[in-house]
Structures are given as C-alpha cells and as structure tokens.
C-alpha cells in the first residue's frame, strides 16, 4: 500500500509539473468577443447630407453594415470605401432569406461637414445612409459601441442584432453570400486546383477558359489614358507572389502592374491600366467577361511626369526621372526648414520596398524616441513639396504625408532634426481624443513643443501639444497639419 501510494504521488507531481510547463511556455490565445455581439445595436440618430435626422432603426428588416469612420482615417479612403463599394454593388440588388435586402450605414466622426462631403464625393460613395457626428472625438458613440479606433464596423441582422464585428472583405462577402436566396457561385476551378484560405500565385477569380495571348471578346474601342490627376485602374486580386503571366489574356486592355498592399505587408495587388471613368467602366465589363468576376475599380493620382507609370513595383510602366531639386532655401540664421515625405514607421525597415522612389529623392532613416525607425524621403522646398507628394502617391504610397525638418543651410540632410525652442503661452494644439493615447505615435511633432494628455471624459483623454502665444499657436498649427494631423485645432488653457 505504501509503494502504491508513493507511485501515485510521484505521478501526480509529474503531471502537475507538465501542466505548469504548458501554461508557462505555450502561448494561450483568447478570442475576445465584443460586448455587443449577439445584442441589439444601440440606436443612432444623426443628420444626413441634407441635414435631415436619420435613425439606424429605420433600416430594420435589412442586413446592415454599420461603419464608423472619419476623413482623418486614411484607411477608409484608401481601402475600406473601395471594398464596401464592391460589396454594396454586389449585394444591394440581391434577395436575402428573411430580409428586405442589404445596405450600409456610414457614421463619420467629423467636425467639418464640407470636408466630409468632399471626401464622400472623392471616394465615389453612393449608398444613401451617410450621416455625420459633428461631436467627433467627444461623441457618445465611442462609449456606446465600445471601440477606440477607426475604422470600425458591425454587421447587423434584420432585427438589428450584432452578428459580426470588424469583419474583413472576404468574411463579409462569404457571410452575405450565405444569406442570399440564391448564393453567388464561386468561380469554376481550373484543373485540379484546390481552394485555399491564403493568397496564392493564381488569380482569385480564375478564368473559365485558359488565358490566351489574344482577346477572347470583341475588340474594345481605343483607350487614351489620362496624363495627370485622378485615374481609374482595375484591381484583379491580391496575392503573395503574383505572376503577371497568369493575366496574359488582359494585356490588350492596358499595362499590368504590381502594388504592395502596404509597406509592411507581404501581399501585393495586381492592377491594370490607367483610364478615365467612362473607359474604366467599359473595360471593367470586358475584364469580367474574361473570367475575373471579382475585379473592381480603384482610383489613383498621377502627376504630369508620371502618366502611365506604376503604382508600386510593376512591369511595363514608365517611371518618372525628373528628381526635384533638393537644395533648400537659405535663411540668415544658417539653418532652413525643408519638407520631407514620411513613408512609414517600422521596427526594422526594408529599404528595398522603396526602390521605386529613388528617382524622386534620397531615403533617410530617423530613429524615434521609442526606438522605431521612421522612413523619410527627399528634402524639398515649399515650391516642390506638393508635386513630390503627388508623385509618391502615384507610385503606390497614398498614405504618405509631408513633415518638416530643420537642416543646415549648406543643404546637408539631417536625420536628427534640430528642435526649436518651445514657446510659452496659454494656447495649445489639440491633436485628438483617445482611449489610451500613445505619445510615441506623435514623435514627429516633438520639435514643436511638449506633448501631454488631459482627461476629456471618464474613459477618453485629449492629446495636447505645446504652450504657445496665440500667434505662435496659429503658426504651429499649420506645421502640425502639414505633418498629417488635418483635424488638429487650437485650444486655450
């Protein structure tokens, strides 16, 4: 009995030790569920473009994609709006089981109504339920809907209950398709290819016939691509290692190109052509008839010298060769303020991602206070900065923005900007209101003044910059806005 008891004790100890090792050394992922999942979405009552109050509950009976965004949220303009436009055009005309249809209800947190209307027009948003929350940072809906970042979305069923939170495009498409009376069939697989959840080298919408070097439909009218400004391209899919030869049956319609989804992503978009709007709509129908039913239109901006060029790493595109002059204007103080283009902030930047920008300016790396690396491009004068930013956007970096730095009048580039003395006074610049603000994210403003937080509500905090006189605050505000904080404003304290 004694030996039997001892053996059990030893076995129990070993099992306990094994469990402890698993708990200590094995990562445990907990899938946090949003507080509103499965519950009725709280009421929203806000004005639309005409100033009339619209209630979220007025859409009861439909599947509703509730979308919170702002004009200062770049991700919505560059990614979400194009994807939602595709979802709306695909599912709004279709019949759903037990529902009156599908719609999108977009809530913009913006104080400036004209800026909101301009963004809607620029993005080509057509669904009717567009409302604005002028309280912006101080809106009650941050707390009511329990979120702290933008963009943020909820999928509601016909009773108004939340059935999805922050779903991506593929998840939304799959969910909505499953709710249709007649689901949209997937593209016919080619040979024995098996579907996969990960991006592949093959088009996401496979042609029903084997691609050939010759067009399979009627010859389209000749297309004259725009030379500057806004252009339309057709997005064919997103892949990890795209092979443009897979799209050879489209090459008569325009130049194929590859564009990185983001500077830190391993995924790439495949785009085709530079079109005006009328040509783009016509070409899109031809593209779909050749087997790419999921293709949709996106917009990009070209400068005069970058027409026909690429929007990332592409083949067959023309790259601009006119490098802006980088000699800054001198001033009596021996130093000058120059403009640089911020491309992103990374832990370990890979400069090869930015090789297609070498014709515009030199790449600098600047270390932030948190140890991250800021990637900057060029050194431009006031007269050059806007044209340079346009060229960068046209090459596939729509989220890049201008920042200012102080350099020696000799024109040498400085990766450690000389901070300017902090002015004193009763005026501060409010940068935003956040649940848990991280001041490191505002490190490109530290040369203008001291960053601080101030309690706004029981759960939100304001981020403020500097202590200025009124005239100095107005001057500093223009610099803050030029560095990407378009909604910043001056407050008195």
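The values are calculated or read from the model by the stated rules, or taken from the named source; none is laboratory data. Since the model is a prediction, treat every value here as computed from it, not as a measurement. Neighbour counts run over all protein chains shown; Cβ positions are idealised from the backbone, glycine included.
Restricting to the stretch 237-252, what's the tally of residues that are at pLDDT 80 or above, buried (at least 17 other Cβ atoms within 10 Å of the Cβ) and over 10 Å from residue 272 (Cβ atoms)?
3
Out of 204, 212, 196, I need the residue that is at pLDDT below 50, in contact with a strand residue (DSSP E or B) (Cβ under 6 Å, 6 or more places away or on another chain) and either within 25 Å of residue 155 (Cα to Cα) or exposed (fewer than 12 other Cβ atoms within 10 Å of the Cβ) (or both). Which one?
Selected residue: 204, the only one of 204, 212, 196 that is at pLDDT below 50, in contact with a strand residue (DSSP E or B) (Cβ under 6 Å, 6 or more places away or on another chain) and either within 25 Å of residue 155 (Cα to Cα) or exposed (fewer than 12 other Cβ atoms within 10 Å of the Cβ) (or both).
Against the definition (under 20 Å from the mean Cα position of the chain (by Cα), crowded, with 18+ Cβ neighbours inside 10 Å, part of a helix (DSSP H, G or I) and modelled with pLDDT of 90 or more), how does residue 119 come out, yes or no?
yes
From (1) within 20 Å of residue 57 (Cβ to Cβ); (2) crowded, with 19+ Cβ neighbours inside 10 Å, pick out the condition that doesn't hold for residue 176.
(1)
Of the residues 471, 458, 467, 443, only one is over 13 Å from residue 137 (Cβ atoms), in a strand (DSSP E or B) and out of contact with any helix residue (DSSP H, G or I) (no Cβ under 8 Å at 6 or more places or on another chain); which?
Criteria check complete, one pass: 467.
If I filter the stretch 365-410 down to residues being modelled with pLDDT under 75 and surrounded by 14 or more Cβ atoms within 10 Å (Cβ to Cβ), which single residue comes out as nearest to residue 298 (Cα to Cα)?
If we take residues in the stretch 365-410 being modelled with pLDDT under 75 and surrounded by 14 or more Cβ atoms within 10 Å (Cβ to Cβ), then 398 is nearest to residue 298 (Cα to Cα).
Restrict the check to the stretch 274-285 and report whether at least one residue is assigned to a strand (DSSP E or B) and at pLDDT 80 or above.
yes
Would you mention how many residues in the stretch 444-493 are surrounded by 18 or more Cβ atoms within 10 Å (Cβ to Cβ) and without any contact (Cβ under 8 Å) to a residue 24 or more places away in the chain?
Going through the stretch 444-493 one residue at a time, the tally reaches 1.
With the structure loaded, tell me whether residue 344 is buried (at least 20 other Cβ atoms within 10 Å of the Cβ), at pLDDT 75 or above, on the phi > 0 side of the Ramachandran plot and in contact with a strand residue (DSSP E or B) (Cβ under 9 Å, 6 or more places away or on another chain) or whether it fails that test.
Here the answer is no, as residue 344 does not meet what is asked.
Kindly indicate whether any position in the stretch 303-325 is more than 20 Å from the chain's Cα centre (by Cα), at pLDDT 60 or above and part of a loop (DSSP other than H, G, I, E, B).
Within the stretch 303-325 (the criterion being more than 20 Å from the chain's Cα centre (by Cα), at pLDDT 60 or above and part of a loop (DSSP other than H, G, I, E, B)), the answer is no, since none of the residues qualifies.
If only one of 87, 36 is touching a strand residue (DSSP E or B) at 6+ places or on another chain (Cβ under 9 Å), in the same structural domain as residue 142 (by TED's automatic domain parsing) and either surrounded by 18 or more Cβ atoms within 10 Å (Cβ to Cβ) or part of a strand (DSSP E or B) (or both), which one is it?
87
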